[in-house]
Amino acid sequence: MPKKRGIVAGVDLGGTSIKAIVADRNYKILATGKKRTDAGVKAKALIHEIARVVEQAAADAGVKVKSLAAVSIGAPGAIDVKRGVVTEAPNLGWRNVPLGEGLRSRLGVPVVVDNDVNVGVMGEHALGAGARVAQLVGIFVGTGIGGGIICNGELYEGGHGWAGELGHTVLLADGPVCSCGRRGCAEALASRTAMERDVRDAVKSGRKSAVFDIMDERKKDRMTSSIIQVALAKEDPVMKEVMKRAQYYLGILVANVVNAFDPERVIVGGGIAERLGEDFVKPIRETAQEYFLHAKAVKGVKILPGKLGDDAGALGAVVLARKRLGL
Ligand SMILES: [Zn+2]
């Protein structure tokens, strides 16, 4: 009987945290669980941690884990979605980890796995800024830059499951080195990591910036979205300049995507978009429009910040489970 209630746990597995939500049939969030994880933790231990976060969230929602209709998880990296295997996840140091089977045997319920950004885009498509349009592209700007493509209302996985790596679109062939080892990808020019590198370089070359003082005050060793927000609010000149450059490259990325896919909407998500909203997206939109091949795209293609914020991944995982398992 409880299975019929169709309660699903959705999990967003990041490089440094696990977030789980338990949501009912109407995507109402009944409980949320979150845990920070240590970098380099072994796969088995991390799967155990994920299971514990799900168990705790289910308990908080007043639901037995065994009565969940599914556990669905978005994981960073390349995923064999049919087998639920994380084939390669550099952020986690994983290769060929049977995440789906590991969780299924531990929790005793069906488990669905897909790429974290694909899942986040599904969330925005179904419940957020996507508003269920048929053709949608999502670009998530964070530590890296991820992308996901919705084609005819469905997630486009590509011929091998590799589609949507928009962050590795090369925008400057001899540009800075990317996490993928190549040069000049969007991720190497406009991710949070790239922005932090640019701020560090500017300070090293003698420019004055309050960014590192703000980081010290807030006991952060990375330039998080909240640090960026505070630095911009203080009109820090280096932060403003670095942000402007990142937005310029993101604008070109969006234009390339629009010219290639002709989507109805492009959603810009991730932590910075969540904090800055339209202030982040407006300059991106303005640059993108200059590079649109079809003048009518200026009116026809909407470029919007994500709406679900930090819940996009976990809620998207619930959407994924419902679609894939027909719940
Ligand atoms: Zn790259």
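No value in this document is a laboratory result; all are computed from the given coordinates. Just so we're clear, the structure is a prediction, and the values are computed from it rather than from any experiment. Using ideal geometry, Cβ is built from the backbone for each residue, glycine included, and neighbour counts are taken over all protein chains shown.
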For peptides 298-305, 242-249, sequence by mean Cβ density within 10 Å, most packed first: 242-249, 298-305
Helix-only CD estimate at 222 nm, as mean residue ellipticity for the chain, using -39500 (n - 2.57) per DSSP H run (n ≥ 4): -12500 deg cm²/dmol
Alpha carbon centroid spacing (whole Å) that separates region 22-48 from region 280-315: 29 Å
Taking only the alpha-carbon positions of the chain and ignoring solvent, what does the Debye formula give for the base-10 log of I(q)/I(0) at q = 0.08, 0.09, 0.12 Å⁻¹? -0.36, -0.46, -0.82
Percent of all Cα-Cα pairs per 10 Å bin for region 1-147, counting from 0 up to the last occupied bin, reads 12, 42, 36, 10, 0
Where the only charges are on Cβ atoms (+1 Lys, Arg; -1 Asp, Glu), what is the dipole of the chain about its Cα centre, to the nearest 20 debye? 900 debye
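Sum up the charges of everything whose Cβ sits under 12 Å from the Cβ of residue 264, counting Lys and Arg as +1 and Asp and Glu as -1, but leave residue 264 out.
Its environment carries a net charge of +3.
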Per 0.36 nm of contour for each residue apart, how much would the distance between residue 208 and residue 162 grow if the chain were fully extended, relative to their Cα-Cα spacing? 12.4 nm
Loop-only check: which GluC sites (Glu not before Pro) in region 198-259 are DSSP coil with at most 11 other Cβ within 10 angstrom? 235
Unit charges at the beta carbon, dipole of region 131-307: most positive-side option, 199, 184, 162: 199
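So how do 31-39, 106-114, 225-233, 177-185 stack up, highest first, on mean other-Cβ count within 10 Å?
106-114, 225-233, 177-185, 31-39
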Counting DSSP beta bridges with both partners in region 131-307, what percentage is antiparallel, nearest 5? 55 percent
Which net charge results when you count Lys and Arg as +1 and Asp and Glu as -1 among the other residues whose beta-carbon is under 13 Å from that of residue 190? +1
Calculated on alpha-carbon atoms, Rg and Dmax of region 84-196 in Å: 15.7, 50
Other residues with Cβ under 9 Å from the Cβ of residue 313 give, with Lys and Arg +1 and Asp and Glu -1, a net charge of -3
Enter the mean projected area of the convex hull around the alpha-carbon atoms of region 131-307, in nm², rounded to one decimal. 10.7 nm²
Kyte-Doolittle mean at least -1.0, axial Cα span of 15 Å or more - DSSP H helices of the chain: 43-61, 116-127, 237-261, 312-325
